[in-house]
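Down below is the structure, laid out as structure tokens.
The values are calculated or read from the model by the stated rules, or taken from the named source; none is laboratory data. In this text, all values refer to a predicted model and were calculated from it rather than measured experimentally. With ideal geometry, Cβ positions are generated from the backbone for all residues, glycine too; neighbour counts draw on all protein chains shown.
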Amino acid sequence: MDQTPSIDEAVTTGIMATVKARFQHLQSEQSKTMFCATNCRLAAQHGQLEVVKLLVEAMPNQSVRNQCCMNAALSAASEGHLEVVKYFYLRLKMDTRIETEDFRFRCTLAACSRLRENVVSEFGLEPDWLFQFSPILSFTAAMAIEGRNSVLTDTLSRMQPAQVTQLLRVAISQRHVALAVTLINDERFSSEHVDQSDSTEATALMLAADAGHHELVEKLLDLGASVRAEDSQGRTALSRACEAGHVRAAKALMDRGADASHRDGRGLTCAQLAERLEQREVLRLLDPSRLICSETQQAAATPNSVLLRPTDSSQRDRQLSEELHQLLSEAGFTKERANFQQTLAHWLKGVAEVLTQDDRQMTGSYAEGWANSLAQVNGRTAADSDIDWTVLVAGQEFHLEGGCNRSRSSCRDATKLIVKEGHAQVAVGAGSQPAVTARACGVRPAQDTCHAIWCCSSFCDDMIRKILKYFRDVHLVRATRPNSTNELRVSFGFQEKEIMADLGTVQGQLFTMIKFIFKRHLPHTLGTPGLKTYHAKTLLFFMLEKNGTDPSAEAWQPQNLIARLVESLDMMLNFISSRSSPDECMPHFFMPDAPIYFKNAGIGGDFDNTKARVRNRLNEMRSDIGGVVEQLKRLVRPLQSESFYFHPFTLLPLTAPPAATKIREGTSYPDMHFKFADVYSVVHQCVSELQLESSNRDTLTRQLSLLNEQQWCKCAALCLTAMAHLKFGESEEAEKLAMELQKARVKCGLSPEEVDTLCSLDSDWAWRFCFPCDSPPRFPFLPEFTQTLLTARLSQPLSSHLYVNFRCLSWSLQAELLQAFQPIAFDAWLEELQEDPDLEELLTLARYSDCREHVELSLRLMETIKDERRVAMETQDEEKIRWVKEKLENIDL
């Protein structure tokens, strides 16, 4: 048997004889050049310096050699092979044609992207790089968590105090709390500049309040930061904290003299700002009497007693269980539809990973398939829900005492972090806000992005084993216990996702009911906040431990749904009563020694009454389950259609997509993720190119040609091509495309079968898009009304985007370009509006039709969308509805 190693093995392990022998067998200069270039990068990536030297010296082509050295150096830098990088640097330095500063920057950037401190230390950081390149800023932030600040200290020594304050503002705005704390504690930070502001007149204190980082708020206040300073909109730090809903930050500011009665540039007080955005907990802080009625206050003082349910309730409960099970099933709360929802989330996650080029996972209810909406399971996200992303920091790994077993090479000399009550102790804390929230905006639901750090192992395996068959490594997130700092929370988010994905129908329905009680019924109907979705999920895990995970077991049959709900409430009451602290609610399932706290625990004041109020409300509920069920019945609605309404290109993270020069082929799942990402990138490129004053016709033509063969985005391709013709003054060509658009039909929803076959679906389902955008769009070559359909939503900085609905854009182009030739096909429009209309489509119908019935339909459906909160309404949306109302009134005149 041939024992000769492969060339890849020889290159990566440094078997010089094999590499030399393979090279000597090559005859042509081209084959030698290709051999050296390919394997030099591979050798550099694996730190094989001698192999690198051999291949570089053997490379016959000088110009190719320099480019090869640069590419290989970047690979070595990203893997932390410093000696290899230094070899390339010295070699390229000898060639006067090579710009060594560019080499230094590119290698440093590559090293920062993978947290290779040794390479970064060798080359150092220029102060300007911290402001210009996010991977470099993120590198210093990651190092700050571990207290490894030598590179940062060196860079700060070359900065002026005003620059350090500017860097502090950037760090806070990017949510790098550990870096911000490090800068504040640095001797070069001057309190004289603490109120220095940015272009919007926002100070560091305002930015910290806006992000909810109460730790930074307190540190900045200690340094003399002004609570009276105002930004360009007349908002103080307290105004911004209240508007964003950050209770702890708001309290810290109020404790230090911030004026809650201050009015911003619009004349709004802090309470009015909070009220406009339904920040109930902030209102509770500002004035507890506004939200807590006297009856609830009296209930808080009621002795801790459990109300007993009638002993003859068993038969009634079984009957009610069957009714409730049927109601929830008809609304889509079934194992089957949860699986379809999980598939959609998998698609979205895969495309997002390609576009953002990071290690990104989706967690939370959207990915788990259960209770992303408490009304129906149809692909839509409820207004009070969100999509949760977890982004793992590349190149960073922590090791936990009690978890790390030194099984990996990276574990050998690593320091193990002590874990206290579920929180790993670190050198510098990263804050208590685990996620950055991009608020709901237009058709986009809110999105939370949590940056996390891998651990080398799983943790608390005994508890995981009880309800999950296999282990995964845990990770750490930026969260602390109340009133604690310098720690990161151990997260089991990926394990929880797998548990939720395996739930049976009744198990999932139980979770839906518990979530309804904790997240909707208690805080909104009964005015008793304090519990969150994570409390509901943890309670479900304890129920699975008690009753088993097998969905076919007797405990999980439909007739026992109410019994399980009562059992859950009893369990929750026992958890609450067994803990003495007013802040602690229940034990963590995976880490029993770690408490899970009530929402806004540790703030004091009225929030100390949360525990008593919640306990008494749960007692009342337990004795009147029928009342809870009646409330749920008012919310849950049977499905009108089996379809899932899934528009992935409106849900992707709002980062500028990488340029695409081709649309990759293939029908497997990974291949299709690349294909969908390429189409999104190309459409974005076309929309951007069309807005340029001097658009490049060849570039546009090339980009549009990439879309033409994709049947599933045909409407988008035709609209963009017609827009291009209009831009270049070719109205006749645009008219021809408008006639073709008349025949096109887009797909409104996906059937359950189509969800599983999305990769092979030829129907036109990709016609709604959201693209990152920070300024109003410019399409002056389009008809005036058509321009308004390209909607820029800029009211939420982290959610700002351009919304493009190609269906209504198609209708408007047809109406404008073909009005002289043929009547508008309103019947076809009405047919398509039967499912999943949006405000822009309904406005388009009302704009072009003078039929009273059509305008009435538009107004009715627009108000339904508003009432059901399918769109996060802005002033421009209210104006659209008002315009339709006015048109309807004028029709009657």
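Of the conditions (1) within 12 Å of residue 806 (Cβ to Cβ); (2) crowded, with 21+ Cβ neighbours inside 10 Å; (3) touching a strand residue (DSSP E or B) at 6+ places or on another chain (Cβ under 9 Å), residue 722 satisfies every one except a single condition; which number is it?
Status for residue 722: all satisfied but (3).
Hey, among 880, 866, which residue is assigned to a helix (DSSP H, G or I), at pLDDT 95 or above and over 30 Å from residue 727 (Cβ atoms)? Break it down stepwise before answering.
Numbers: 880 fails: over 30 Å from residue 727 (Cβ atoms).
Selected residue: 866, the only one of 880, 866 that is assigned to a helix (DSSP H, G or I), at pLDDT 95 or above and over 30 Å from residue 727 (Cβ atoms).
Kindly state which strands (runs of 3 or more DSSP E) lie completely within region 370-463 and contain at least 3 residues that are under 22 Å from residue 350 (Cα atoms).
386-400, 435-438, 446-455
Against the condition farther than 22 Å from residue 39 by Cβ and part of a helix (DSSP H, G or I), how does residue 121 come out, does it pass?
Judged against the criteria, residue 121 is a match.
Keeping to region 834-868, report how many residues are exposed (fewer than 13 other Cβ atoms within 10 Å of the Cβ) and under 35 Å from the mean Cα position of the chain (by Cα).
Residues that pass the stated criteria total 4.
Collect the residues in region 872-893 that are closer than 30 Å to residue 446 by Cβ and either assigned by TED's automatic domain parsing to the domain that holds residue 793 or of a type in the set (Lys, Arg) (or both), keeping them in residue-number order.
Step one: filter region 872-893 for residues closer than 30 Å to residue 446 by Cβ, giving 872-885.
Once the filter is applied, which keeps residues that are closer than 30 Å to residue 446 by Cβ and either assigned by TED's automatic domain parsing to the domain that holds residue 793 or of a type in the set (Lys, Arg) (or both), region 872-893 yields 880, 882, 885.
Report, ordered by the first and then the second residue, all pairs with beta carbons closer than 6 Å, sequence separation of six or more or different chains, a first member in region 252-273 that is assigned by TED's automatic domain parsing to the domain that holds residue 210 and more than 22 Å from residue 218 (Cβ to Cβ), and a second member that is among the small types (Gly, Ala, Ser) and surrounded by fewer than 17 Cβ atoms within 10 Å (Cβ to Cβ).
Pairs that qualify, where the first residue is assigned by TED's automatic domain parsing to the domain that holds residue 210 and more than 22 Å from residue 218 (Cβ to Cβ) and the partner is among the small types (Gly, Ala, Ser) and surrounded by fewer than 17 Cβ atoms within 10 Å (Cβ to Cβ), are 264/234; 265/234; 269/261.
For region 590-703, please list each of the helices (runs of 4 or more DSSP H) lying entirely inside it that holds at least 3 residues being among the polar types (S, T, N, Q) and more than 28 Å from residue 869 (Cα to Cα). Don't jump to the end; show me each part of the working.
Numbers: elements: 610-623, 625-635, 669-691.
Passing ranges, in order: 610-623, 669-691.
Quick check on region 705-719: of everything there that is of a type in the set (A, V, I, L, M) and within 13 Å of residue 687 (Cβ to Cβ), which residue is surrounded by the fewest Cβ atoms within 10 Å (Cβ to Cβ)?
Pass one, region 705-719, residues of a type in the set (A, V, I, L, M): 706-707, 716-718.
So of that shortlist, the ones also within 13 Å of residue 687 (Cβ to Cβ) come out as 707, 716-717.
Details: 707: 21, 716: 29, 717: 26.
Filtering region 705-719 for residues that are of a type in the set (A, V, I, L, M) and within 13 Å of residue 687 (Cβ to Cβ), the one surrounded by the fewest Cβ atoms within 10 Å (Cβ to Cβ) comes out as 707.
Among the numbered criteria (1) more than 30 Å from residue 482 (Cα to Cα); (2) of a type outside the set (Phe, Trp, Tyr); (3) surrounded by fewer than 19 Cβ atoms within 10 Å (Cβ to Cβ), which single criterion is violated by residue 608?
Residue 608 satisfies all of (1) more than 30 Å from residue 482 (Cα to Cα); (2) of a type outside the set (Phe, Trp, Tyr); (3) surrounded by fewer than 19 Cβ atoms within 10 Å (Cβ to Cβ) except (1).
Considering (1) farther than 29 Å from residue 417 by Cβ; (2) in the same structural domain as residue 197 (by TED's automatic domain parsing); (3) in a helix (DSSP H, G or I), say which one residue 104 fails and leave the rest.
(2)
Please indicate, with yes or no, whether at least one residue in region 111-127 is aromatic (Phe, Trp, Tyr), closer than 30 Å to residue 180 by Cβ and surrounded by fewer than 19 Cβ atoms within 10 Å (Cβ to Cβ). So that I can check it myself, show each step before the final result.
We begin by selecting, within region 111-127, every residue aromatic (Phe, Trp, Tyr); these are 123.
Among the residues that remain, those that are also closer than 30 Å to residue 180 by Cβ are: 123.
Subset that is surrounded by fewer than 19 Cβ atoms within 10 Å (Cβ to Cβ): none.
No, the conditions are met nowhere in region 111-127.
State all residues of region 675-700 that are exposed (fewer than 13 other Cβ atoms within 10 Å of the Cβ) and either out of contact with any helix residue (DSSP H, G or I) (no Cβ under 8 Å at 6 or more places or on another chain) or at pLDDT 90 or above (or both); if no residue qualifies, say none. Quick ask: steps written out before the conclusion?
Keep residues of region 675-700 that are exposed (fewer than 13 other Cβ atoms within 10 Å of the Cβ), which gives 692-694, 696-698.
Across region 675-700, the qualifying residues are 692, 693, 694, 697, 698.
Being over 20 Å from residue 228 (Cα atoms) and either under 25 Å from the mean Cα position of the chain (by Cα) or not assigned by TED's automatic domain parsing to the domain that holds residue 238 (or both) is the requirement here; does residue 136 meet it?
Criteria met by residue 136.
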